Structures are given as C-alpha cells and as structure tokens.
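Trainee: Mind having a look at this structure? Questions to follow.
The values are calculated or read from the model by the stated rules, or taken from the named source; none is laboratory data. All of these numbers come straight from a predicted model, not from anything done at the bench. Note that we place each Cβ from the backbone using ideal geometry, even for glycine, and neighbour counts take in every protein chain shown. These accessible areas exclude ligands, DNA and RNA; they are computed on the full protein's heavy atoms, side chains included. Shrake-Rupley method; radii C 1.70, N 1.55, O 1.52, S 1.80 Å.
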Amino acid sequence: MANYKNHILVCAGTGCRASRGEEIVQNLNRAIDFNGLADELQVVRTGCFGFCEKGPVVKIVPDNTFYVEVTPEFGALG
Ligand code: FES
C-alpha cells in the first residue's frame, strides 16, 4: 500500500466540474504516472470548498497551498 507524502485535492463540486475540474484531475494523474510519483502523490476529488466563484479550486496537503481559478494546464505535461 502506498504511503503518500502529499495529496492533491481537486474540488469535484458542481461549479468546479463545470469549469473543467475533471480535466485537471486527469492531467495531474497523467503527470504523476509519467514522473513515477504514483507512490508519493495522490489526487483526490473532494466536495465543494465553498469558493465556487474562484474555481476550479485545488489544495495541496500537507502544505495547505490553495490554488484558485486553476486551468487544466495546471497539471498538464509539457
Ligand atoms: S464547486 Fe468547487 S469550490 Fe464550490
């Protein structure tokens, strides 16, 4: 079982999903696999963070770095 060092929380609430949130999840997962980080980093879809007007929202834990208005290019390769 993987012991993840970090989790990337991607809001999967209605507003963020409508703003291409699922593409962010897919691009992050591709980048994690491409870079061989699947045992260290996990992408997790979450419920609404309550900042829908600033979505898509992504939070890194344990750093607690909070990103707003994220685009799918956030996690894209190259
Ligand atoms: S739907 Fe993402 S913050 Fe509300």
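Trainee: Looking at the chain, which Cys residues are left with no other cysteine's beta carbon under 4.7 Å from theirs?
Mentor: CYS48, CYS52
Trainee: Rank by packing, highest mean first: peptides 56-62, 67-73, with packing defined as the count of other Cβ atoms within 10 Å averaged across residues.
Mentor: Output ranking for 56-62, 67-73: 56-62, 67-73.
Trainee: Still on this model: At 1.4 Å probe size, with the rest of the protein present, what percent of the exposed accessible area of the range 6-75 is carbon and sulfur atoms?
Mentor: Carbon-and-sulfur percentage of accessible area, whole number: 50.
Trainee: What translational D, rounded to a whole number of µm²/s, comes out for the range 6-75 from Stokes-Einstein when the hydrodynamic radius is the Kirkwood one over Cα pairs, at 4 °C and 1.567 mPa s?
Mentor: 110
Trainee: Quick one: angle between helix 21-34 and the longest Cα principal axis of the chain, in degrees between 0 and 90, rounded to 10, please.
Mentor: Relative to the chain, helix 21-34 is tipped by roughly 10 degrees.
Trainee: Using helices alone, what [θ] at 222 nm do you get for the chain, with -39,500 (n - 2.57) per DSSP H run of 4 or more residues, divided over all residues and rounded to the nearest 500?
Mentor: Computed ellipticity for the chain at 222 nm equals -7000 deg cm²/dmol.
Trainee: Packing-wise, with mean Cβ within 10 Å as the measure, how do 4-11, 38-45 rank, highest first?
Mentor: Ranked by mean Cβ neighbours within 10 Å, highest first: 4-11, 38-45.
Trainee: When DSSP beta bridges are limited to those with both residues in the range 6-75, what percentage is antiparallel, rounded to the nearest 5?
Mentor: Antiparallel bridges make up about 55 percent of those DSSP assigns within the range 6-75.
Trainee: So what is the accessible area of the chain per residue, in Å², with the probe set to 1.4 Å?
Mentor: I get 62 Å² per residue for the chain.
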